[in-house]
Structure formats: structure tokens, C-alpha cells
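Below: the structure, in C-alpha cells.
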Amino acid sequence: MHFFLYLFCFSFTVSLFAQTATHFVIPPFQPAPDRQLQFPLKTESMIYSDSLVAIAKENIQQYPAAKAIKDHIVQAADKWFTFSDEELTVLMSDARVPRAFDLCAKGCPVHGDTVFKIGGFYPWIIDLKHPFQVRCPVDGQVFPSAEYPDDGWGWISPDGERYWFVAYANHWTWYDHIIPGILNLARAYLLTDDNRYATQAAYMLYRMASVYPSMNHEDQSRYGLMSKSRGERYTGKIVNHIWETNVIEQAAEAYDLVWKTIDTDRYLQKRTGKTGKELRTFIEANILEDGLDAFNDDKIIANFGRHQSVLITVHLSRQHAEMEKAFDKIIHEPSSVAGKNGLIYAAYNQIFRDGIPFESPGYNAGWLTSFMEIAGKLPAENRGLLTNFRFKQIFDWPLDMVAIGKYTPDIGDSGSTLGGLAARSSAIYHPAYDLYHDPRYLPWLNLSGEKSFNSFYALFRRPLPDFPVLKDSRAVDVQPSRLFAGYGFGILNNRTDETAIALTYDIHYAHDHWDYLNFEVFANGQKMMPDLGYPDAMNDFVAEKFTWSINTVSHNTVVVDQKRQQRKLPGTLHDFADGGFARTMDASSPPYENTSEYRRNIVMVDTEDGQSYAVDFFNVCGGTRHDYFLHGPPGKTFCAADEWNDILPGTFAGPTVETGYLYDDEKLLLQGKQIGYGSYCGSGFQHLFHVQNLKSGKGILEYRHINDEDARLRIFPLPSEKQEIFIADAYDKPRAKNHLIKYLICTGKTDGDAPLKSTFVSVLEPYKGEKHTLKEARSEKPDRGNGHVVVVERGDYTDVIIYDPVGSTKTLNRYKLQTDAVSTVATFDPSGKLTRVFFSCGSYLHCQGKKFTAEPIAGKVISVDALKRTLQVELETQNPKLETPLVAHFTNAFRTTVHPLSSVNVSGKISDIKVKDDFLTGYFRIEEVEGNILKTATALPFYRQYTGATILDQNYRPLALLAESKKDELKLNEPVAFALKPGDTAWICNIGCGDEFLIKPVFTWEESTK
Ligand SMILES: [Zn+2]
Ligand SMILES: [Zn+2]
């Protein structure tokens, strides 16, 4: 359900807010002549094989839920026998009657926007027995009327606003009733073998065929004319180009189901005055072939995946319109437009090496639905690619990504402040289970037996088997800390996977936010430090989308110089290690041009009573002002009243700046309503109101989650002397105002010329009910060496957490501790005795006479098997000690990259390694070879991340390193040893022979307890 919302939101929300033009030039109607058949007539039913239909009929007999689906379809189909042919001819109006998915942005001429409050986005009531009329949901008033006449192009109000009564009724009659009606009739025939349904479906297809070629949305619709008046095109056929995919898909499926009845259907032939063959010719030419041409003319376009899926259906239905060639293109043909890349190209060029597509998780879920649709439709001989590792990965990431068994991290335009799960859909995972038999998919789906039947498509599958239920109604079982190095994102969690932190550090390519180094905290069954998820509106003309929702300011990260982040460049993972009771994720990103350092390390520490807290270190260098933002969940917040000054006037943007006022972009302030707010790169500080600054004390904030009073969080800010602390309120969505959220802001400023250098430190403690364990947290400096020390008193125990990005030798006299590690956690019992040690990226830790050491595992890659995802490393040391490393770093002259590891085996000086993700990160066709330069026309959206990778030929043979990668040009660091020619394909492999291999040293020790 969500997926469709995402898909179509772009078109519908724009319409609500961005329309003013009322003076249109109405283009003269241009009828298209009936079409001539281009290809031999169809000879076989292609979409549901006899064996699939047999399964459906068995299921209907055996399972009441399956029968209910059939009954529902039959009922919906029966309705169409109440319409005479004359009535249908009127309802299925020809192209001269305009279409409008929205009636008027202002709502009703009588009741204004109250109609939206009562009826939602598309509030008007339609009655098929009264064509071209709408009824107001407020009082039932009917439009048009004598007072509100409408010839199809709308009624113009005295204030110049156009109300499209007729066009609205016409649009929704086609889109919500006629087209689904044809499909229901055809499906009712499929499931009952009752010819009456086939006759009525075929009759309506015949009527559709007689009007379809003249349908041209850009000249015949409200939005088409509005776009034209702005000099833009808004293409489509009956409806807009995106929604038209649903029209053509349903018509094509319906025809495939009923075509074979037409030749023997005397009644139909009499009604239409055509022979069976004439009728088939008429429908195949005027709907299916016309539809295929509409794909070529960009009158039917959808998002990647969905586009291909519908195109396949139309080809299957039409059968002889060069179907094999089309399928080959859909799978194997590269394109310079990413959305039209063949599947095998898209799988590597638009999907990261951990299987995650390049959008937000919510939108990525749409890819899975489409991929499954495609898999279900392609003839068996084209399905080979599904057994490929990459395709299985595509279905695994939504489960792998789930934090604490309950939430998909809401990265970019995805989810909400309270959170939920992306891609948990039976349309994806029922067929995925049938394909891969992965038992993890069963609890994820949480459907078995009778419950498997929740859609028409489910009828064609065997019911899902029973499965053991996971505890605490988790959607996936307990998982260890894990890194998605392609998507640039990691999840740290405790052993029971009940507390987790997700941090994002790399580029995403669509529906992303300016959220580099943002994190979310999950604990107590809730999102405790949530991303705010899907924006207020998916609409360029809503300022709040840009000034707040996708802006850096609303996230748990740092704003530099009162500007949102500016650049999308690859991030760097410095460390990702889990030591059992403590763990760390250390990453940096270059989103600001003027910062030389923008780096965050989150260290998570478990306590003896089963809880976990985190210490957040954020280092920034550059610019003159840094604002570090943190926020908890919606719900109650508490702070010590006497610690804070009175509420300051205005907003965080200044005492005179009112809430939401666009104070830092004069151009958009004046013209945003016309040109859209997409170019905003200001602070967004105007959304933070009720600003208070810390007068004295510690500034500890406590949050209680709105969904569970006992789900709590405390934030302990640990500012340096020069930093100022504020709290302020903001709405998660400034327009919808769903939830009020308390922000904690730590600000550092400089007046000097030297770039400002800040370290922001805070302790984050989620806990349940009254059971908080932290007594005190304070910041200290080492007695010798660099880095930040945080001391956490937990009553009985004391934890010392150190972060020192340069890994200097540090001494803490009070604890008799010395180490050269980057991240350190040491725990002392009430008597001051050392009880636990974790350190990472360091060679030793000495404390109270105990000496702990760790060694890196280093070497050189000597062979890579890109298909098996294995490599061999020649190690620098013989049989090094192996803990269970999570990740390995690979470095060459151009860059360092990281892979999560699946297994590491050492034998003497050779180590055999298998990675969790994929080595292959790109696939392209060579158009030209010029010395060291390979030119390509294949869309390679990830090109910024290719420098330093290795080019392989089509047989996975390594050629050379990539010294420089541009959009359409890949420069090798040396001439290739054997000839490459235009037309050859080549792979981009993330790892090459000669790359330096490194597993950073990590060490854990816990005193054994009885
Ligand atoms: Zn009204
Ligand atoms: Zn976000």
C-alpha cells in the first residue's frame, strides 16, 4: 500500500499546491485515425499458464480465504452487467472529454478546502449512473449545475479559479472504475469459466480501443494545460504518463485472459458489428500496439522496475510484437538513462554491493515489488538471473537492515518519526519464498496457510508453510552488529539486539536527505532518537520540505556556518568493531567544502543489567560556527528548570525571526512560490522555537516516548568551555505538526581567522522505566597524549571511554591506564579494579599491571574471485591471532574501501577470505577505447565511487586499476595488456590484486564472573 503512495505522490501532491494559471489556450482536438495492425495476431495466452490457473482453482476450493478473493472479484465484475452498451459508450468517453485528477486546489466553490479535510486528497464523490458529475462530500451538492456550468474545460469562478467538475469525474471514472472493471470481468472469467464475463470484458476493450489512439494527456487535461502554460510537457494517454502504466497493464492483462473467447462469441460480434478476427485486430492494434508506441513516445513512463514490469505485460499480451527482442533489451541492453538500463546493468549500477538500491529504504521497497513482478512474468528461459547472488541480496537487505527486530532505519524519504518496517510485503516475499525457500522470509511475512491468501496474485501460489514465531513479535531474529559498506551505513547493537544505533555516512542517489553522519537510536522497542522520516510534502513548492525535512538541521548531526550540508561525496569508514560488551563505529564524510574534518565516532557500551548506552564524539574542523543537534522521541521531556534561562524571543535563527520565516534566502522568500524551494541551502534554524540556553548545571534532558512512558532516554551533553548549550522545540513536520520534538543544541563559534575546531561529546542513555543506571558523566583530558576522555559513573562501576582519532600514546594517571588505541572502553569495579577492556585500532592497553595487546592483520591481495566473492591475501605475519573481525580495509594508491567479512581462514602466511557483500560494483558497455580511456554510454550513477577499483573484462579477468572515473569516461592507470574493443562489456570490481589488506586490531577482555 505504501509503495503506491510513494510512487504516485510526486504527481498528486504537486497538483495541490502549485497551480495558479487559469488562462489556458485550449488546443484543438486532434483525432488519431484507427490504427493498422503492425504484427501478426496473438495466438496464445501468455500471462497465466494452465498450471497456474489449476493451482488457483485448487486454492479456491480448499481455502475459504482464497474463495473470498474470487467472490470479491466476481461481485465487482457483476456490477458491469447493469450498464447498457449505450451507457458504457457515454462513460467510456472519447478523447474530447478532458481529464483532471484534481478538481481545483481551492477545493469546492462552496466549501473551500473543507472538502479535503472530509474526503482526503481526492474527495469528490462519483456516481457512474450520473456521468460527468461530482458530488461534494460536505453536503452532497452536485456539480456542474445551472449555477456552475462546465463544458468539460472547467467552470471559472469570479476570482479566476478554474473548477474542473467534468474532467475530474471523467478521470476517476476511467481510472477507478472502467479500467479496473475490465480487469475484474476478465479475472472473473478466468476463475469461473463463465463466458458472460469474457463477453463484457471484450466489449469494454472494444470500446476502449475505439477511443484510445486519440488519447493524449498533455493536450486534453487540466494538468497538461497547466504545464503547457509554464512551458512544460505533461504527457500521458487517458491519464498521466505514470498512472497510465496501470491503465495499459490492466487492459493488457484483461485481453490476454479473454482474447480466445472472441472468435466464438456471436453475441459480442453482433453487438460490435465485427467478426472475431476483426475485433481481435481492432483491440490488438488500437490498445496494445498503440500502448507499446506510447512507451516509445514517453507517454507511458514509470519508475525503474515498474516501467519494465508493465512493458513486459503489454508484450506478453500482444505476444508477437517482437517480444523476445523487447525482453532481451529489458534484461541485457545498457542505456544512458539509468531508468532504462537493462536489469543486469541496473543490478550493479543502481544497486549497491550490499544489494540495496540507491534510494531511501521506502522507495527501495518499490524496486523489490517490481523485481518480483518482473520475475513472475518473464518466461522461464529469462529467469536465470534470479539465481545470481546479487538478486538474492536484493531481497535480503530489508531484513538485514531491521534494527531491534522492529524498525527499518528511516534514511531519507522513508518512514516516520515513530517508525515502521519497509518492504514487509507478501507481494514481494511470498514469491521470494517460493523462489529461494529462505526460512527467514516466513516470520518476516508473518503469514501462513489460509492467511497467505491476501491478494489475487496469491491465488496462483501454494500457501506459505507454518513457521516458529519469533519472540517479542520481532520481524527478524536477533542479528549481530553489521555494516552495509555499499549503502554507507552501519548498525551497532548489543548482544540481545534490543538496543541499536544506525549511522549513515555515504552517498545515496534519490530521495536522500542532507543527513551525512546522522544516526538513529533504537531501544525499549521504540525509535528513541528518531529520524523524522518522510517529509512534510513531496512537493517542490512546499518550503518546509527543504528548510526542515530534508535539511541537515532536523537530523542528529552538525550544521556548519548555518548552512545545510552542501556536497555529496563518498564517505570514509575508519572503524567498525564489536567487542562483545562494547563496540564502535567511526566514520567521516566531506559534506562541507570548508571543513577539513567532519567525523563521528559512536561508542556503545553494555551495562551489567542488560542495558546499553552510547558515547557520541563528533569532531569538526573548519568554518566559524558549528551547531551540534540531537533530539529524542516525541513525548514528554524533562529538564531541571533552574538550569535554564527564560525562553528567548523569536527562533534559533534570531530574536526577530519568527517560526518558519525564510530569513536567510531573500530570493526564495520572494519567488519560492513560483520557482519552488529546491535551491534552499540555508540553516533551517527558523523552525526551532522556545529557545532556552543553559544558565548553569549539566543540561541533562530526559525523554519519555509518546507510545510508551517507560521507554526513556537521557542525553548528557558534555560541552567544552567554549561551547554553549541550548534547547528548543520543533515540529517533526512543520506543516502537519504531527509531533513536537525537543532539540538539544551545542554551539561553538569563533571570531578569529583560524578555522574553528570543535569536538562535541554527549552520552546517550536509553533505559526502561525508572531503571536508569548512569549516575554521572564527565569529560576529561588524558594526562599525556591526545583525545577525549569520558568518565561514566554507574554507581557500582565506572567506565572510562576514550576517543583519539590519531591514536597517540595516552596516559590516564588516575586509572593507571596507558594505550595507543583510537577507541577505548575500560570498566572499573567499586574497588577501582579493572574488570573489562575493549580497544580498537591500537596495539596495546596497559592498566594496573595488566598488559593487553592486539595486532593488525595486514597483507596484500594476491587473487580475487569476483564471482565467488573470495580473495586470497599474502599476510605480513605467520598465523596471526584471529578474533572475529567484522570488516577489512583495502587500500591502493587511489583510495581505501571496506568490505564486511563472511569468513577468514588463515594457513601460514596465506589467508582465504570471503566477503559478505559483492565485489562487483558496476557493469558497462565500452563504446570507444582511446589509449587508457574507456568511453561508455551506459548510465553509471556510482561513478564517483569507482576511482581505485579494478576493471575486469567480460570474463572477470582483471585489466587495470581505475585512476579516474567520470560519468562516461573511465581512465585506467596503465594500458591494458590485451585488446578491448567497442561493444565489449566490462565489470567494475571493488577489489584488485595488489590492494593492501588490513584488519584493524581490536581487543576485548572481560573478567570471568562466577
Ligand atoms: Zn462543497
Ligand atoms: Zn532524514
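The values are calculated or read from the model by the stated rules, or taken from the named source; none is laboratory data. On a predicted model such as this, the values are computed, not experimentally measured, just so you know. All Cβ positions, even for glycine, are placed from backbone atoms using ideal geometry, and neighbour counts span all protein chains on display. The protein model used for the area step is the full one, side chains on, heavy atoms only, and it has no ligands, DNA or RNA in it. Shrake-Rupley method; radii C 1.70, N 1.55, O 1.52, S 1.80 Å.
Using the Stokes-Einstein relation with a Kirkwood hydrodynamic radius computed over Cα pairs, the translational diffusion coefficient of segment 650-741 at 20 °C and a viscosity of 1.002 mPa s comes to 138 µm²/s.
Residues in segment 758-776, backbone N under 17 Å from the label point at Phe638 (7 Å along the Cα-to-beta-carbon vector): list them, ranges by number please. Answer for this model: 765-776.
Determine the relative contact order of segment 191-281: mean sequence separation of Cα pairs under 8 Å and six or more apart, normalised by residue count, in whole percent.
Numbers: 75 pairs, mean separation 27.4, N = 91.
Here the relative contact order equals 30 percent.
Need one word for segment 726-801: rounded, prolate or oblate. Basis is the Cα gyration tensor (sqrt eigenvalues a ≥ b ≥ c); a/c below 1.5 gives rounded, then a/b vs b/c decides.
Values: a/c = 3.99, a/b = 1.14, b/c = 3.51.
Cα axes put segment 726-801 in the oblate bin.
Listed by chain and number, the lysines placed with their C-alpha closer than 26 angstrom to that of Lys527 are Lys406, Lys471, Lys545, Lys636, Lys698, Lys733, Lys737, Lys742, Lys768, Lys771, Lys775; residues fewer than eight positions away on the same chain are left out. For segment 747-759, backbone phi angles converted through the Karplus equation (6.51, -1.76, 1.60; θ = phi - 60°) give residue-by-residue couplings of 10, x, 9, 9, 9, x, 7, 5, x, 5, 10, 10, 10 Hz, Gly and Pro being listed as x. Considering all C-alpha pairs of segment 524-617, those separated by over 20 Å amount to 54%. Computed over protein heavy atoms with a 1.4 Å probe, the accessible surface of segment 379-498 works out to 36 Å² per residue. Full extension of the chain between Ile933 and Gln38 gives 317.9 nm of extra length, using 0.36 nm per residue less the Cα-Cα distance. Distant-in-sequence amide contacts of Thr607, defined by a placed amide H-H separation under 5 Å and a gap of 5 or more residues or a different chain, comprise Ser612, Tyr613. The apolar share of the surface of segment 593-717, taken as the fraction of accessible area on carbon and sulfur atoms (1.4 Å probe, ligands and nucleic acids excluded), comes to 49 percent. Using alpha-carbon positions, what is the distance between the centroids of segment 141-202 and segment 423-473, in Å? A separation of 36 Å, based on Cα centres.
Label zone of Arg567 (point 7 Å out along Cα→Cβ, amide N under 19 Å): in segment 866-895 this covers 894-895.
Computed over protein heavy atoms with a 1.4 Å probe, the accessible surface of segment 553-665 works out to 32 Å² per residue. For the chain, the 222 nm mean residue ellipticity estimated from helices alone, with every DSSP H stretch of n ≥ 4 adding -39500 (n - 2.57) and the total spread over all residues, rounds to -7000 deg cm²/dmol.
Assuming charge only on the beta carbon of Lys and Arg (+1) and of Asp and Glu (-1), the dipole of the chain about its Cα centre is about 800 debye to the nearest 20. In sequence order, segment 112-123 has phi-based couplings of x, 7, 4, 4, 6, 5, 8, x, x, 4, 10, x Hz under the Karplus curve 6.51 cos²θ - 1.76 cosθ + 1.60, θ = phi - 60°, and Gly or Pro positions carry x. For the peptides 626-633, 770-777, the ranking by mean Cβ contacts within 10 Å, running from highest to lowest, is 626-633, 770-777.
Count of lysine pairs in segment 46-127 with Cα atoms under 21 Å apart, counting only pairs 8 or more residues apart in sequence or on different chains?
Numbers: Lys57/Lys67; Lys57/Lys70; Lys67/Lys79; Lys70/Lys79; Lys106/Lys117.
For segment 46-127, the number of qualifying lysine pairs is 5.
Subtracting the Cα-Cα distance of Tyr509 and Phe389 from their residue separation scaled by 0.36 nm leaves 40.9 nm.
Pairs of Cα atoms under 8 Å, at least six residues apart: use those to get the relative contact order of the chain, whole percent. Before the final figure, lay out the partial values.
Numbers: 2324 pairs, mean separation 81.1, N = 1010.
The value is 8 percent.
Sorted on the mean count of surrounding Cβ atoms within 10 Å across their residues, most packed first, peptides 417-424, 317-324 read 417-424, 317-324. For segment 844-851, putting each phi into the Karplus relation 6.51 cos²θ - 1.76 cosθ + 1.60 with θ = phi - 60° gives couplings of 7, 9, 10, 7, 6, x, 8, 10 Hz, in residue order, rounded to whole numbers and with x for Gly and Pro.
Enter the mean projected area of the convex hull around the alpha-carbon atoms of the chain, in nm², rounded to one decimal. Spell out each step's value before the answer.
Details: hull surface 178.5 nm².
The orientation-averaged projected area of the Cα hull of the chain comes to 44.6 nm².
Which of rounded, prolate, oblate describes segment 19-88, given a ≥ b ≥ c as roots of the alpha-carbon gyration tensor eigenvalues and a/c under 1.5 marking rounded, otherwise prolate only if a/b is larger than b/c? Judged from the Cα gyration tensor, segment 19-88 comes out prolate (a/c at least 1.5, a/b above b/c). For segment 52-111, dividing the convex hull volume of the Cα atoms by the residue count gives 217 Å³ per residue.
The listed peptides 981-994, 817-830, ordered by packing as a protection proxy, come out as 817-830, 981-994 (highest mean of other Cβ atoms within 10 Å first).
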